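Each remark here refers to the structure printed beneath this line.
What follows draws every value from the coordinates through simple rules; no lab data is involved. It should be emphasised that the depicted structure is a prediction, and the values quoted were computed from it without experimental measurement. Please note: Cβ atoms are built from the backbone with ideal geometry, for glycine as well, and neighbour counts cover all protein chains shown.
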Amino acid sequence: MTDLLLLNEQRHWRLKLLEGPQALRWRPARELAAQLLLYLDDPAACWRLTTEWMLNTLGADRVDAGLGGYALAGAPGPGPRDYVVLAETRRPGRDMASMLGQRFGAGEQGVREVWQRRIGLAVPSVAHERSMAEPLRERLLRSGAAAKMALPLRAAGPVGLICADWQHESPPWPGEVCNELPDLAGNVIGPLLALATEATEAAEAPSGSASATPHPVLALLTPAERRVAELVAMGLSYKEVARRLGRSLSTIDHQLRSIRGKTGVASTARLVRLLNTPAGLINRAA
C-alpha cells in the first residue's frame, strides 16, 4: 500500500470512527482507535497496543491476540486457520505463563465455538466450562487461566482472536465494557488490524528510496512538535509522550498529525524510521 493510499485510509477511518456523525462515543474505544490509526503500517505495534488496551480496560491478568479464523456458515472468508498468538500483555506480579507463539487448532472444540459466535465467549470458570474439549481446558488451566473471555476479530472475513484471562474465577466484568466489546471487535479492531496487515505488504521501501532519506521540512517543526518527534523517535507511544510532556492525548494526536503532514509520511511508524536515519532529527545537534 502506497503512502497516498495509507493516508486516504487513515482519513476515511478517522472520519468514520472519530469525527463523523457515527463516531465512537465510548471514550476507551476512541482512544484505542486513535492509537491504531497512528500505527497502521506497523501491525506488530497494533497487536501490542490492542492487548495493552484490553488488559487495562478489562482489568485482566493476561491478554493475547493473533491471526486465525473460522468463517461463520455462509459468510465469506478462507477455510479454518489455526489461532497463532502474535502479541501478549501480562500484568506484572501475576503467575501467568506466556502464550506467545502458541498455536490452537481452528477445529478444537472451544476455539471453534468462539469464532462461531459474533459476541465471543465469556467463561467465568475454565475448570467447569463444557463448551471446551478436555485437552484445551487442561492447557488453559496449566497456563494459569481460571476465567476467560475470547472475542472473534472480523473484517470482511475472519481476522483473528483476542483473549483475556484471569487467575481467579468469576472476575467482576464491567457491564458497560462487556456490552461494547463485541461491536468494537467486529467494527473497529478487526478491520483496523486487517488494514494494518495489508498496509505493510509494501511497507519495506527499497534501499535508496525517498523514505530512507531525511526530509528537508524537518526544520519547519515548531519547538513543541520537535520535542514530540524526539520522544516518538525514541519509541514512546503517544500515550507515554502525553504523560512525559504533561499534555492531553488529543493535543499529542493533533501534533503528530501536523508532524506527519510536514514530513510527508503516512504513519507514525514511518515517521520513526525517518527520524532515526543517520541525518535524521533524532541524531541532529540541538
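Near Lys16, which aspartates and glutamates are there with a Cα under 15 Å away, not counting those fewer than 8 places off in the same chain?
Glu31, Asp183
I want to make sure I understand the PRE zone here: with the label point 7 angstrom from the Cα of Glu108 toward its beta carbon, which residues in the range 141-180 have backbone N atoms less than 17 Å away?
141-153, 160-166
For the residues Leu195, Leu18, Leu141, what sequence is obtained by ranking on other C-beta atoms within 10 Å, fewest first?
Least to most surrounded, the residues fall as Leu141, Leu18, Leu195.
Expressed in nm to one decimal, what extension gain is obtained for the pair Arg117 and Arg243 from 0.36 nm per residue of sequence separation less their Cα-Cα distance?
Between Arg117 and Arg243, full extension yields 41.5 nm more.
Within 10 Å, count the other beta carbons around each residue, average over each peptide in 182-190, 160-168, and list them highest first. The partial results should precede the final answer.
Details: 182-190: 20.3, 160-168: 23.8.
Ranked from most to least packed, the peptides come out as 160-168, 182-190.
log10 I(q)/I(0), Debye, Cα-only the range 2-114, no solvent, q = 0.13, 0.19, 0.21 Å⁻¹?
-0.67, -1.16, -1.20
What is the gain in length, in nm to one decimal, between Glu138 and Arg226 on full extension, counting 0.36 nm per residue of separation less the C-alpha to C-alpha distance?
Additional length available on full extension: 26.5 nm.
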